[in-house]
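Peer 1: My questions all concern the structure below.
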Amino acid sequence: MADARDEVTVSERRELLEAALQLADMCAETTASIIESGFDVSKKADASLVTTADVETERAFRQIVDERFPDMGVLGEELGESNAHADYRWIIDPIDGTAEFARNLPVYGCIIGLHYKKQPLLGVIDHRAMNIRCHAAYGLGAFANRQRLHIDDCGPGEAGAGARIGLPSLASFLRPPDASAVFRAIVESYPNFRAYHTCYAHTLVASGGLDASMEWATPLWDLAATQIVIEEAGGRYRCLQERELPGNRRVYSAVFGKPAIVERLAGIVGKALE
């Protein structure tokens, strides 16, 4: 089957990736400026945290996209969606890990993705507080800073219990409908797991710090850059579930990393949901 992303020339992909990296720089500068001047923290209706840095960083991102790419859509965590039917769709989570950001923990990150006809074309995961940035574009490879990323598959017998797996906390699996059986099944199979609540887990998979990771019932902006970064690095990304929630909210569950472990995790999840 033809891949719609091949309709975008290599030259166009390079130009759009350069634009995404410039946008990531601007977001980092905006966030840093707000940190310096001070920011407010409040709670959303779902009790998750939001800061003025989240909102103002996304606002600045949208302003530049609207000026440079007026025909493209934008989906963001804080300010919703515009031009929803456009072929090109920028997706941003200005501060993934707001709770960590508000507590001055450096594992938060800015996620920027550009999708074309619903397929990931490029992505950036920027951890400016740690000076780590992953980026990738379709057919152009994946990089952490200037280093090319390669995810090697497991050798014989390496996909078992000793593998290092990243998971969200149990709380993520308790959102209706209750999927705590999935969490328990994975922990039993992979007791050497690590719990992460931010895109830092995605960066660790891409760069070799974890063998695989997963997200459960999370919005698209949390995964906007992950698939392209993982696949361009040679890993595997599988969307296990896509569900519509009240209020036209859509959430995704995905597993990504070394192919053998991804397939084993997908099987564990499927069996737990039976």
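Peer 1: Let me confirm something: among Ala19, Ala32, Ala28, which residue is in contact with a Lys or Arg (Cβ under 6 Å, 6 or more places away or on another chain), part of a helix (DSSP H, G or I), of a type outside the set (D, E, K, R) and touching a residue at least 12 places away in the same chain (Cβ under 8 Å)?
Peer 2: Step by step, each of Ala19, Ala32, Ala28 is checked, and only Ala28 is in contact with a Lys or Arg (Cβ under 6 Å, 6 or more places away or on another chain), part of a helix (DSSP H, G or I), of a type outside the set (D, E, K, R) and touching a residue at least 12 places away in the same chain (Cβ under 8 Å).
Peer 1: Among the residues of region 221-233, is any at pLDDT below 95, out of contact with any Phe, Trp or Tyr (no Cβ under 6 Å at 6 or more places or on another chain), open to solvent by 20 Å² or more (accessible area, probe 1.4 Å) and not hydrophobic (A, V, I, L, M, F, W, C)?
Peer 2: Start the filter on region 221-233 by keeping residues that are at pLDDT below 95, which leaves none.
No: region 221-233 contains no residue that is at pLDDT below 95, out of contact with any Phe, Trp or Tyr (no Cβ under 6 Å at 6 or more places or on another chain), open to solvent by 20 Å² or more (accessible area, probe 1.4 Å) and not hydrophobic (A, V, I, L, M, F, W, C).
Peer 1: Across region 1-16, what is the number of residues that are hydrophobic (A, V, I, L, M, F, W, C) and not in a helix (DSSP H, G or I)?
Peer 2: Result for region 1-16: 3.
Peer 1: I would also like to ask the following. Say we look at region 214-256 and pick out the residues that are of a type in the set (S, T, N, Q) and assigned to a helix (DSSP H, G or I); which of these is farthest from Gly76 (Cα to Cα)?
Peer 2: If we take residues in region 214-256 being of a type in the set (S, T, N, Q) and assigned to a helix (DSSP H, G or I), then Gln227 is farthest from Gly76 (Cα to Cα).
Peer 1: Working carefully through the options Leu204, Leu265, find the one that is crowded, with 23+ Cβ neighbours inside 10 Å and assigned to a helix (DSSP H, G or I). Spell out the reasoning first.
Peer 2: Working: Leu204 fails: crowded, with 23+ Cβ neighbours inside 10 Å.
Result of the check over Leu204, Leu265: Leu265.
Peer 1: Can you pull out the strands (runs of 3 or more DSSP E) entirely within region 50-154 that have at least 2 residues that are surrounded by fewer than 18 Cβ atoms within 10 Å (Cβ to Cβ)? Lay out the reasoning, then the answer.
Peer 2: Values: elements: 73-76, 80-82, 88-96, 109-116, 119-127, 132-137, 141-144.
Strands (runs of 3 or more DSSP E) meeting the threshold: 80-82.
Peer 1: Step by step: first the residues of region 12-49, then only those that are modelled with pLDDT under 95 and touching a Leu at 6+ places or on another chain (Cβ under 8 Å), then the one that is least open to solvent (accessible area, probe 1.4 Å). Which residue is that?
Peer 2: Going through the qualifying residues, I end up with Ser42.
Peer 1: Can you name the residue in region 169-195 that is under 22 Å from Pro246 (Cβ atoms) and modelled with pLDDT under 95 and, of all such residues, is surrounded by the most Cβ atoms within 10 Å (Cβ to Cβ)?
Peer 2: Step by step, filter region 169-195, then rank; the result is Ser172.
Peer 1: Which members of region 240-259 meet the condition of being open to solvent by 40 Å² or more (accessible area, probe 1.4 Å) and either touching a helix residue (DSSP H, G or I) at 6+ places or on another chain (Cβ under 7 Å) or touching a residue at least 12 places away in the same chain (Cβ under 8 Å) (or both)?
Peer 2: Of everything in region 240-259, those that are open to solvent by 40 Å² or more (accessible area, probe 1.4 Å) and either touching a helix residue (DSSP H, G or I) at 6+ places or on another chain (Cβ under 7 Å) or touching a residue at least 12 places away in the same chain (Cβ under 8 Å) (or both) turn out to be Leu240, Gln241, Arg243, Arg249, Arg250, Lys258.
Peer 1: Consider Leu210 against the criteria (1) loosely packed, with under 14 Cβ neighbours inside 10 Å; (2) not charged (D, E, K, R); (3) not in a helix (DSSP H, G or I): it satisfies all of them except one. Which criterion is unmet?
Peer 2: Evaluating Leu210 over (1) loosely packed, with under 14 Cβ neighbours inside 10 Å; (2) not charged (D, E, K, R); (3) not in a helix (DSSP H, G or I) leaves (1) as the failure.
Peer 1: Of the numbered conditions (1) modelled with pLDDT of 95 or more; (2) surrounded by fewer than 18 Cβ atoms within 10 Å (Cβ to Cβ), Thr198 fails exactly one; give the number of that condition.
Peer 2: (2)
Peer 1: If you don't mind, there's one more thing I want to ask. In region 62-83, how many residues are over 19 Å from Pro120 (Cβ atoms), within 20 Å of the chain's Cα centre (by Cα) and of a type in the set (A, V, I, L, M)?
Peer 2: 1
Peer 1: Hey, another quick one. Going by the conditions given, is Asp126 in contact with a Gly (Cβ under 8 Å, 6 or more places away or on another chain), within 21 Å of Val262 (Cα to Cα) and not aliphatic (A, V, I, L, M)? Break it down stepwise before answering.
Peer 2: Values: in contact with a Gly (Cβ under 8 Å, 6 or more places away or on another chain): yes; within 21 Å of Val262 (Cα to Cα): no; not aliphatic (A, V, I, L, M): yes.
It is false that Asp126 is in contact with a Gly (Cβ under 8 Å, 6 or more places away or on another chain), within 21 Å of Val262 (Cα to Cα) and not aliphatic (A, V, I, L, M).
The values are calculated or read from the model by the stated rules, or taken from the named source; none is laboratory data. The structure presented is a predicted model; accordingly, all values stated were derived computationally and were not measured. Every residue, glycine as well, gets a Cβ built from its backbone with ideal geometry; the counts of neighbours run over all protein chains shown. Note: accessible area is taken over every heavy atom of the protein model, side chains too, but ligands, DNA and RNA are not part of it. Shrake-Rupley method; radii C 1.70, N 1.55, O 1.52, S 1.80 Å.
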